[in-house]
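Read the structure below first, then the notes.
The values are calculated or read from the model by the stated rules, or taken from the named source; none is laboratory data. These numbers come from a predicted model, not from an experiment. So basically every Cβ, Gly included, is an ideal-geometry build from the backbone, and we count neighbours across all protein chains shown.
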Amino acid sequence: MKLILSLLLLSLFFTPSFSQSKKTKKEEAVSLSALPAADTLKSEVFSGLTMRNIGPALVSGRITQLVVNPDNPSEYYVVVASGGIWKTVNAGTTYTPIFDSYGSYSMGALTMDPSNHAVLWLGTGENNNQRSVAYGDGVYKSEDAGKTWKHMGLKSSEHIGQIAVDPKDGNTVYVAAYGPLWSSGGERGIYKTTDGGKTWNSILNVSENTGFNEIQMDPRDNKVLYACAHQRQRKVFTYIGGGPETAMYKSTDAGATWNKVGGGFPTGKDLGRIGMAISPA
């Protein structure tokens, strides 16, 4: 037993002498630098290096929407909050930016005409409310699947929450205009066109401080609409994220008249942002 312990101790003392034969990192770097350029660029030299995401991770890279062509699932649009629109026709293998040469880089809402999938309606101006949000310059329309765009108005809306297109009449479109984030006023409320965007009518308005973040159409009845109003405003010192004017509205006559709905909502004076969806079943 004493002999075994003695051998172990000796091995510990003599291990450093064997490690001296190994090259240090500095010596390895020198030996690599001495190699011809063709040898230093071989794949095994970089085999230990991998790509990793180092940011930004907090407020950049926000994806607003994915809009898929139901006739061709390999064709879809990626709507970026602060980076325009990107289109793929090969299921995401490659993407092409299709809105870089137009008036805004901040995107709010993109809607495909249900009756004509080459027709797209875009509302610019991100519909979130943090400090890093950029504003837009209204509504655009494309009739060639995003190749070209035409500005269709509502420039002072600055932020568009949602767009709904009548599946029975592509010229009838509803826009939920959020309005400016850092100030009152502007074009805010629910707007409707029946001539493909040539003219717009304000069909629901609450106040200069309250815009609309959603407009939904019942898939079984194109005259039934729901709209979500949101009273909000960003200040330098705070964010007002709700108020007594926040509410949900319903119309059963294609927006001619509206009634406030929501029995059973949380009680209290101020409501925050409301999001909704209608079951297609």
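Taking every residue in the stretch 104-129 that is over 12 Å from Val80 (Cβ atoms) and at pLDDT below 95 and pairing it with any residue that is of a type in the set (Phe, Trp, Tyr) and assigned to a strand (DSSP E or B), at least 6 positions away or on another chain, the pairs with Cβ-Cβ distances below 7 Å are Asn129/Tyr239. Looking at the stretch 189-231 only, could you name the residues that are among the charged types (D, E, K, R) and over 28 Å from Ser279 (Cα atoms)? Asp195, Lys198, Glu208, listed by residue number.
The set of residues in the stretch 182-229 that are crowded, with 19+ Cβ neighbours inside 10 Å and of a type in the set (D, E, K, R) comprises Glu187, Arg188, Lys192, Glu214.
Evaluation of Thr148 against the conditions (1) under 20 Å from Val67 (Cα atoms); (2) in contact (Cβ under 8 Å) with a residue 12 or more places away in the chain shows that the sole unmet condition is (2). May I ask you to verify whether Glu143 is touching a Cys at 6+ places or on another chain (Cβ under 6 Å) and of a type outside the set (Phe, Trp, Tyr)? No, not satisfied. Would you check if there is a residue in the stretch 36-52 being at pLDDT 95 or above, over 30 Å from Ser132 (Cα atoms) and loosely packed, with under 11 Cβ neighbours inside 10 Å? Within the stretch 36-52, none of the residues are at pLDDT 95 or above, over 30 Å from Ser132 (Cα atoms) and loosely packed, with under 11 Cβ neighbours inside 10 Å. Counting only strands (runs of 3 or more DSSP E) that fall entirely inside the stretch 47-148 and contain at least 2 residues that are of a type in the set (A, V, I, L, M, F, W, C) and farther than 19 Å from Gly211 by Cα, the qualifying elements are 63-68, 76-80, 84-88, 120-124. Among the strands (runs of 3 or more DSSP E) confined to the stretch 170-281, the ones with at least 1 residues that are in contact with a helix residue (DSSP H, G or I) (Cβ under 6 Å, 6 or more places away or on another chain) are located at 173-177.
Restricting attention to the stretch 239-281, which residues are free of Cβ contacts under 8 Å to residues at least 12 places away in the same chain and within 30 Å of Asn171 (Cβ to Cβ)? Scanning the stretch 239-281 gives Thr257, Asn259, Ser279, Ala281.
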